[in-house]
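What follows is a set of notes on a single structure, which appears directly below.
Here, each number is a calculation from the coordinates, and none is a lab measurement. Given the structure is predicted, the values throughout are model-derived calculations rather than measurements. Here Cβ is always computed from backbone atoms with ideal geometry, including for glycine, and neighbour counts include all displayed protein chains.
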């Protein structure tokens, strides 16, 4: 049986973003006033919705949305084997 990746508390809530080649988790408590990041060679903006407090992501070049999942860390880490966790160095 797979183990939950111990790098975050398994109940940590956040936004998982996936592309064809990358899977990255953005813990909600790290998003703050928004994050500008790069995933799969594209600029991305991650924010928390002002009306519902739910994180979302948009590609900066055209405003489209990548595949994203608002979830707990345990679910994301058990689903995506090559997952990354957002850090300022990502």
Original post:
Can you sort 88, 28 so the residue with the fewest Cβ neighbours within 10 Å comes first?
Top reply: 88, 28
**OP:** Looking at region 13-85, send over the antiparallel percent of its DSSP beta bridges, to the nearest 5.
**Re:** 90
Original post:
Sorted from fewest to most neighbouring beta carbons within 10 Å, what does the list 31, 54, 44 look like?
Top reply: 54, 31, 44
**OP:** Can you tell me the FRET efficiency between residue 61 and residue 20 if r is taken as the Cβ-Cβ distance and R0 is 25 Å, rounded to the nearest 0.05?
**Re:** 0.90
Original post:
Which whole number in µm²/s is D for the chain by Stokes-Einstein, with the Kirkwood Rh taken over Cα pairs at 4 °C and 1.567 mPa s?
Top reply: 98
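Per residue of the chain, what 222 nm ellipticity follows from adding -39500 (n - 2.57) for every DSSP H run with n ≥ 4, rounded to the nearest 500?
So the calculated ellipticity at 222 nm is -2500 deg cm²/dmol.
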